[in-house]
Amino acid sequence: MTGMDTRFLGIADLVEAPSVAVVVDVMRAFTVAAWAFAQGAEKIVLAESLDEALALKARHPDWVALKDGPSAPGFEMVNSPGLLRSVDLGGRTVVQKTTAGTVGALAVKEASLVLCAGFVVAEATARLLRTRECADVTFVVTGEDGRADEDLACAQYIARRAVEAGTDAAEFLRRAAESRAAAELAEGVRQGVHPDDVALCLELDRFPFAMVATLENSLMVLRPCAVPSLTDEASI
Ligand SMILES: O=C(O)[C@H](CS(=O)(=O)O)OP(=O)(O)O
Ligand SMILES: [Mg+2]
């Protein structure tokens, strides 16, 4: 693959359904989603609202409801990779509702391919874009009206990594580490936080899978997606 047309948009800037969308939320929705799959979750239903999450949970009592911010009645988990990594989610369905990440994914539900990403799945996401020869990709920068630097840095890294194998992640990770979100998580401004959350969100390629969201019976459902390893790919 020689090139890829890219645009980086905030959620409010999305005027039409993109063909391929990569929705980025480093801190913390899609780091949490990746950890949920690592802990055995079968799928994650991205809820439109807290009420919808609770209604889904009421209909499916075995599902696990997760929200950002402080915990609340009806929700078993909060949006923290540090808290989630010790929970066994084997075979479970998680219902996730957060301020930015889940909203961004739902905003592009009409796209033909929707990937949800953070640094923990960056290489797998870039590889999936490459193997599917995605020539025109919209990156949704979910935080701070499209200005969250942890999300923009990750989006720019994935975009570069998709076409340039030797891309160094260090500068992109540095920007994320110095972002407002990282500071707020470290300083206790945000709620439902574990002390390891920022470090976990900055673990490059912690997981080997990408995450694909598709509409299933009108629900937006996120699942892990294995992608061929570098040795299976033609050189880029
Ligand atoms: O949980 C998060 O980090 C944020 C919400 S807040 O900024 O902490 O209130 O949600 P996300 O959708 O994961 O950015
Ligand atoms: Mg965020």
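Throughout, read-outs are computed from the coordinates displayed, never taken from laboratory work. Note that the coordinates shown come from a computational prediction; the quantities given were computed from them, not determined experimentally. Virtual Cβ from ideal backbone geometry, glycine too; neighbours counted across all protein chains shown.
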Cα shape, the stretch 26-112, gyration tensor, a/c 1.5 rule: rounded
Length added when fully stretched, VAL15-ALA186, from 0.36 nm per residue minus Cα-Cα: 58.1 nm
Leading residue at positive end of dipole, the chain (Cβ point charges), from HIS60, PHE75, PHE30: HIS60
Kirkwood Rh and Cα Rg combined as Rg/Rh, the stretch 73-231: 0.94
Folded to 0 to 90 degrees: helix 29-38 orientation relative to the chain principal axis, Cα: 80 degrees
Nearest-ten-degree value, helix 50-59 long axis tilted from longest Cα axis of the chain: 70 degrees
Sites GLU110 and ALA199, calculated FRET efficiency, Cβ-Cβ separation with R0 41 Å, nearest 0.05: 0.70
Inter-label distance for THR99 and VAL163, nm, one decimal - labels placed 7 Å from Cα along Cα-to-Cβ: 3.4 nm
Residue with peak Gaussian network fluctuation, the chain [Cα springs, cutoff 10 Å], from GLU150, GLU42, GLU171: GLU171
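Per the helix-only calculation at 222 nm, which mean residue ellipticity applies to the chain, given -39500 (n - 2.57) for every DSSP H run of n ≥ 4 and division by its residues, nearest 500 deg cm²/dmol? It would help to have the intermediate numbers written out before the result.
Numbers: 9 runs with 76 residues, N = 236.
Calculated from helices alone, the mean residue ellipticity at 222 nm is -9000 deg cm²/dmol.
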³J(HN,Hα), Karplus 6.51/-1.76/1.60, whole Hz, each residue of the stretch 142-149, x for Gly, Pro: 6, x, 6, 6, x, 10, 5, 6
